[in-house]
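The values are calculated or read from the model by the stated rules, or taken from the named source; none is laboratory data. Values in this document were obtained by computation on a predicted structure and should not be read as measured data. When we count neighbours, we look across all protein chains shown, and the Cβ atoms used for this are built from the backbone with ideal geometry, even at glycine.
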Amino acid sequence: MAKETSKQSILRLLMTKSSMKQDVYERTVEVFKQLKQVAKEVATELGKEAGKADKRLQVTYTDKGEFELELKVAGDILIFHMHTNVFEFDNSHQIRKSSYVKQDEFRSYCGQISIYNFLSDSFKYNRVNDMGYLIGRIFVNQEKHYFIEGKKQLGFLYNDFSKNLLEKDAARAIVEASILYCLEFDLYTPPFEAVRELRVSEILETSLNMKVQTGKRLGFKFQSEPELPE
């Protein structure tokens, strides 16, 4: 059998791997559009019900463009952001070890949607130094199979890559689990020693709110807190 030429190798990869990546991107776009619709529906439903009990409790949806959506839930903001690139996992990742992927290695190529939790006051008062946290990452392949890396429900309810399809019911479950997590994830005061000093320039140059960082786990090493809350 004749050895494949460089040109043939390029064409083979274009028609297989590159074409597959385009399929993954298109599936991820479809999924993100569905997430937007579901998030809007959930925000409308929760906003009406919560508003009946307490008018101060607002749940709102904002479309931030093709690749981003925002959910404001009382004092929290959730941002869902779709990455425009396609990702593969290294050989040690559990996904690569599944029979589903071993049957077709292209199944492990995924689009990524990240979910971040911020304090709504950080945006309201333009506190640019405040911290937000990645609470989950949704990975979607060309067959719309998905799994999630994340905290609490986001980390262990959606990890059957071979069976999970990201249809509307699954999208709603993800949105609701994300909201539930951020509502349970409380704002902790940082250690006294971490905030006991403040420069005069930080008071004179701009608002104190702008300079003193606020975050739900500010001053604590987030990576060392697997139980917050699991």
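Residue-by-condition table, conditions (1) in a loop (DSSP other than H, G, I, E, B); (2) at pLDDT 80 or above; (3) not polar (S, T, N, Q):
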| residue | (1), (2), (3) |
| --- | --- |
| Tyr146 | no, yes, yes |
| Glu149 | no, yes, yes |
| Asp160 | yes, yes, yes |
| Ala173 | no, yes, yes |
| Leu187 | yes, no, yes |
| Glu193 | no, no, yes |
| Ser201 | no, no, no |
| Phe220 | yes, no, yes |
| Pro226 | yes, no, yes |
*asked:* If Gln103 satisfies all but one of (1) over 22 Å from Ala43 (Cβ atoms); (2) surrounded by fewer than 20 Cβ atoms within 10 Å (Cβ to Cβ); (3) touching a Phe, Trp or Tyr at 6+ places or on another chain (Cβ under 9 Å), what's the number of the condition it fails?
replied: (3)
*Among the residues of the stretch 112-119, is there at least one that is in a helix (DSSP H, G or I), modelled with pLDDT under 95 and not aliphatic (A, V, I, L, M)?*
no
*asked:* One residue is enough: does the stretch 82-90 have a residue meeting the conditions among the charged types (D, E, K, R), out of contact with any Lys or Arg (no Cβ under 6 Å at 6 or more places or on another chain), in a loop (DSSP other than H, G, I, E, B) and closer than 21 Å to Ile135 by Cα?
replied: yes
*Top-ranked residue of the stretch 106-138 - restricted to ones that are among the aromatic types (Phe, Trp, Tyr) and under 25 Å from Glu26 (Cβ atoms), ranked as farthest from the chain's Cα centre (by Cα)*: Phe106
*What's the number of the condition Ser114 fails, among (1) within 21 Å of Gln37 (Cβ to Cβ); (2) touching a Ser or Thr at 6+ places or on another chain (Cβ under 7 Å); (3) free of Cβ contacts under 8 Å to residues at least 60 places away in the same chain?*
(2)
*Could you run through the stretch 132-153 and say how many residues are among the acidic types (Asp, Glu) and either free of Cβ contacts under 8 Å to residues at least 60 places away in the same chain or more than 30 Å from Lys17 (Cβ to Cβ) (or both)?*
1
_Filter result for the condition that a residue is closer than 24 Å to Lys72 by Cβ and aromatic (Phe, Trp, Tyr), over Tyr146, Tyr116_ = Tyr116
*Hey, can you tell me all the residues within the stretch 91-111 that are polar (S, T, N, Q) and closer than 28 Å to Gly132 by Cα?*
Gln94
*Set Arg127, Arg107: member being over 23 Å from Gln37 (Cβ atoms), among the basic types (Lys, Arg) and at pLDDT below 90*: Arg127
*Within the stretch 52-89, which residues are among the hydrophobic types (A, V, I, L, M, F, W, C) and within 21 Å of Tyr125 (Cβ to Cβ)?*
Leu57, Val59, Leu71, Val73, Ala74, Ile77, Leu78, Ile79
*Do you know which residues across the stretch 1-58 are without any contact (Cβ under 8 Å) to a residue 40 or more places away in the chain, closer than 30 Å to Gly75 by Cα and β-branched (Val, Ile, Thr)?*
Thr44
*Could you please find all residues in the stretch 1-31 being acidic (Asp, Glu) and more than 24 Å from Lys144 (Cβ to Cβ)?*
Glu4
*Would the stretch 35-55 turn up any residue that is surrounded by 12 or more Cβ atoms within 10 Å (Cβ to Cβ), modelled with pLDDT of 95 or more and farther than 20 Å from Tyr181 by Cα?*
yes
_When residues of the stretch 60-100 are limited to those that are among the hydrophobic types (A, V, I, L, M, F, W, C) and touching an Asp or Glu at 6+ places or on another chain (Cβ under 9 Å), the one surrounded by the fewest Cβ atoms within 10 Å (Cβ to Cβ)_ = Ile79
